[in-house]
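Undergrad: This is the structure, below, for whatever I ask next.
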Amino acid sequence: MKVTIEYDNEQEAIQALKADRWQGALWKLDQELRGIVKHGYIGNREATDAEIAMAEYCRKKLRQLVNDDGLNLDV
């Protein structure tokens, strides 16, 4: 498939070309939060209950925002 998109602004074009990097960064954040929730550790130390709860909240919110925009982190 071939797609042609024209931009009036160079910055918008650059951001569009970096969309895969944005997706990758968000996926990495999601996986980091998932690890905290699943294993209960932040780096080498045990996470507090509050930290685990916040990681779970942030992960759910991130996925909600992404899904609301019709995007998918798991592609």
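Undergrad: I'd like the full set of residues that are part of a loop (DSSP other than H, G, I, E, B) and on the phi < 0 side of the Ramachandran plot, limited to region 2-49.
TA: Listed by number, the residues that qualify are Lys2, Val3, Thr4, Ile5, Glu6, Tyr7, Asp8, Asn9, Lys18, Asn44, Ala47, Thr48.
Undergrad: Restricting the search to region 56-73, which residues are free of Cβ contacts under 8 Å to residues at least 24 places away in the same chain and open to solvent by 100 Å² or more (accessible area, probe 1.4 Å)?
TA: Tyr57, Lys60, Asp68, Asp69
Undergrad: Where residues in region 1-55 are among the aliphatic types (A, V, I, L, M), under 20 Å from the mean Cα position of the chain (by Cα) and open to solvent by 100 Å² or more (accessible area, probe 1.4 Å), which of them is farthest from Leu71 (Cα to Cα)? Step through it out loud before you land on a result.
TA: If we filter region 1-55 for residues that are among the aliphatic types (A, V, I, L, M), which is where we start, we get 1, 3, 5, 13-14, 16-17, 19, 25-26, 29, 33, 36-37, 42, 47, 50, 52-55.
This time we only want the ones that are under 20 Å from the mean Cα position of the chain (by Cα), so: 14, 16-17, 19, 25-26, 29, 33, 36-37, 42, 52-55.
So of that shortlist, the ones also open to solvent by 100 Å² or more (accessible area, probe 1.4 Å) come out as 17, 54.
On the way: Leu17: 16, Met54: 23 Å.
Going through the qualifying residues, I end up with Met54.
The values are calculated or read from the model by the stated rules, or taken from the named source; none is laboratory data. The structure presented is a predicted model; accordingly, all values stated were derived computationally and were not measured. Cβ atoms come from the backbone with ideal geometry, glycine included; neighbour counts cover every protein chain shown. Surface areas here come from the heavy atoms of the whole protein model, side chains and all, with no ligands, DNA or RNA. Shrake-Rupley method; radii C 1.70, N 1.55, O 1.52, S 1.80 Å.
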